[in-house]
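For reference, the structure is listed below as structure tokens.
Nothing in this text is a laboratory measurement; each read-out follows from the coordinates by a stated rule. Nothing here was measured: the structure is a model prediction, and the numbers come from that model. Here Cβ is always computed from backbone atoms with ideal geometry, including for glycine, and neighbour counts include all displayed protein chains.
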């Protein structure tokens, strides 16, 4: 392992010197390096990340193609690039190989990305599948204000209103029997009138003694 660490230190120093000023090269940390191929606005552009293990270069490095930059790259294209790098790494075991791995791809870019489309299409909504109802159009002029819902009284509130009328205490509200009183008075007045008329009819006039 000590031998591997010495080889890594020498290779890292060489990489930083070789790629100085190259914007496509990036050192993530002392054992992880990236190289970008193509321009950012190119659908065939991709990024390769190589990470050294503790025993590198006595064993192959880890090759990562699942970075965010490669999110639009087709899976089969990623796998093809990875396979080429693994095959190349087999030839350089025991030696610093990161530079060779990065450089071997430059001559095969067209071949490796031949299946990658030049334009990435964005899926659109299929109205025949989802139906017109899937589209929501908001028109403020057609929005009607909903009538406020009447507040629903709780049992306690209903009980308090019941008590205010006196129904809950046995006390009857003022005017509850006005109809009966008027009816009674009308009937009583009618009877008194009949009695008066009857008495008048039964009056006997007697002659006065002069």
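According to the Cα gyration tensor, what semi-axes, each the square root of 5 times an eigenvalue, does the equivalent ellipsoid of region 68-117 have, listed from largest to smallest in whole Å?
Working: eigenvalues 99, 24, 18 Å².
Largest first, region 68-117 gives 22, 11, 10 Å.
Enter the Cα centre distance for the pair region 62-77 and region 9-38, rounded to the nearest angstrom.
Result: 19 Å between the Cα centres.
Quick check on the exposure proxy: order 63, 119, 28, 50 from fewest to most C-beta atoms within 10 angstrom.
119, 28, 63, 50
Among 39, 78, which comes first, second and so on when ranked by fewest other beta-carbon atoms within 10 Å?
39, 78
What is the calculated FRET efficiency for residue 110 to residue 1, with r their C-beta to C-beta distance and R₀ = 35 Å, to the nearest 0.05?
0.30
How large are Rg and Dmax for region 1-113 when only the alpha carbon atoms are used, in Å?
Spelled out, the Cα radius of gyration and Dmax of region 1-113 are 13.8, 43 Å.
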